1. From the list ALA161, ALA157, ALA145, pick out the single residue that is free of Cβ contacts under 8 Å to residues at least 12 places away in the same chain, farther than 19 Å from ASP74 by Cα and either surrounded by 24 or more Cβ atoms within 10 Å (Cβ to Cβ) or over 18 Å from the mean Cα position of the chain (by Cα) (or both).
2. Name the residues in segment 135-170 that are of a type in the set (Gly, Ala, Ser), out of contact with any Asp or Glu (no Cβ under 7 Å at 6 or more places or on another chain) and not in a helix (DSSP H, G or I), would you?
3. Tell me, please, whether a residue that is at pLDDT 95 or above, part of a loop (DSSP other than H, G, I, E, B) and of a type in the set (Val, Ile, Thr) can be found in segment 97-110.
4. Do we have any residue at all in segment 171-181 that's of a type in the set (A, V, I, L, M), modelled with pLDDT of 95 or more and assigned to a helix (DSSP H, G or I)?
5. Determine whether segment 1-17 contains at least one residue that is closer than 14 Å to PHE126 by Cβ, charged (D, E, K, R) and either at pLDDT 95 or above or touching a Leu at 6+ places or on another chain (Cβ under 9 Å) (or both).
6. Can you find, within segment 66-94, the residue that is farthest from SER120 (Cα to Cα) among those that are in contact with a helix residue (DSSP H, G or I) (Cβ under 7 Å, 6 or more places away or on another chain) and surrounded by 12 or more Cβ atoms within 10 Å (Cβ to Cβ)?
7. Which count do you get for residues in segment 95-114 that are in contact with a helix residue (DSSP H, G or I) (Cβ under 7 Å, 6 or more places away or on another chain) and touching a residue at least 60 places away in the same chain (Cβ under 8 Å)?
8. Which one of these is within 17 Å of the chain's Cα centre (by Cα) and over 20 Å from SER54 (Cα atoms): ALA137, ALA178?
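The values are calculated or read from the model by the stated rules, or taken from the named source; none is laboratory data. Predicted, not measured: the structure shown is a model, and the values here were computed from it. Virtual Cβ from ideal backbone geometry, glycine too; neighbours counted across all protein chains shown.
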Amino acid sequence: MSKKLVSSLAALALVSFCGLSQAESVSFSGFAHGSQTVTATLTGPNVPVSKTVSAGGFSTIVNGGPSFESYCIDLYQTINFGAPPYTDYSFAGLGHLFTNANAYTDLGRLFATAGLVNNSVSEAAFQIAVWEIAYEATGTAYNLASGAATFAGGTAASSGALTLATTWLNSLFGSGPAITVMDSREHQDIVFAPIPEPETYALFMAGLAAVGFMAKRRRKA
């Protein structure tokens with residue numbers, strides 16, 4: 001099981017049940033594994049913007065539930081770590097308007113491709129790849145150095161995060177999980193991988209514990 005999925009397993013069970021228009025309470029405590037800086041530049045058909053940003057996954061809490069990891073898909077708005085919960089978020093279903101018509105499919109493929117993501121370099125690479133998929137107008141022809149969305153410089157260049165993001169973007173084959181998007185009127189929209197019910201996760205962990213216990217007994221015998 002990939003770390004990317006495991007990092008989301010403890011998240012909210014209500015994804016499947018919430019109405020798309022229902023307001024949800026969302027807070028962000030910080031970057032899950034650190035971040036790297038990068039200069040992001042968007043051009044038409046996006047609203048043009050160029051700025052240096054911090055790229056990394058967010059430690060996220062929805063409706064007071066356990067923390068899980070999400071990623072930004074909105075380079076125009078901001079969030080504040082440690083701020084009181086934002087109450088203007090809602091589950092978007094398939095209604096989020098990406099520049100890229102292939103974004104829902106390829107973001108799922110990215111979650112499946114990335115595998116272990118547990119440090120600032122891989123976190124930054126994943127976030128940059130998310131932005132590239134979200135804002136690139138040429139569909140599946142991803143190139144961080146050209147197109148409607150480009151990313152360059154900063155610590156992401158010197159650390160190898162840009163190179164890693166490119167590797168993942170060139171490896172988006174097959175299928176991936178259906179992603180979940182949450183939209184906000186005033187703050188950054190976010191994306192994360194699907195998660196099982198808390199009961200399912202508890203049973204899974206209990207099963208692992210039981211297997212370990214039985215293995216230990218057999219070794220002693």
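1. Exactly one residue qualifies, and that residue is ALA145.
2. ALA137, GLY139, ALA141, ALA145, SER146, ALA152, GLY153, GLY160, listed by residue number.
3. Yes, segment 97-110 contains at least one residue that is at pLDDT 95 or above, part of a loop (DSSP other than H, G, I, E, B) and of a type in the set (Val, Ile, Thr).
4. no
5. yes
6. Out of the qualifying residues, it is PHE91.
7. Residues that pass the stated criteria total 6.
8. Result of the check over ALA137, ALA178: ALA178.
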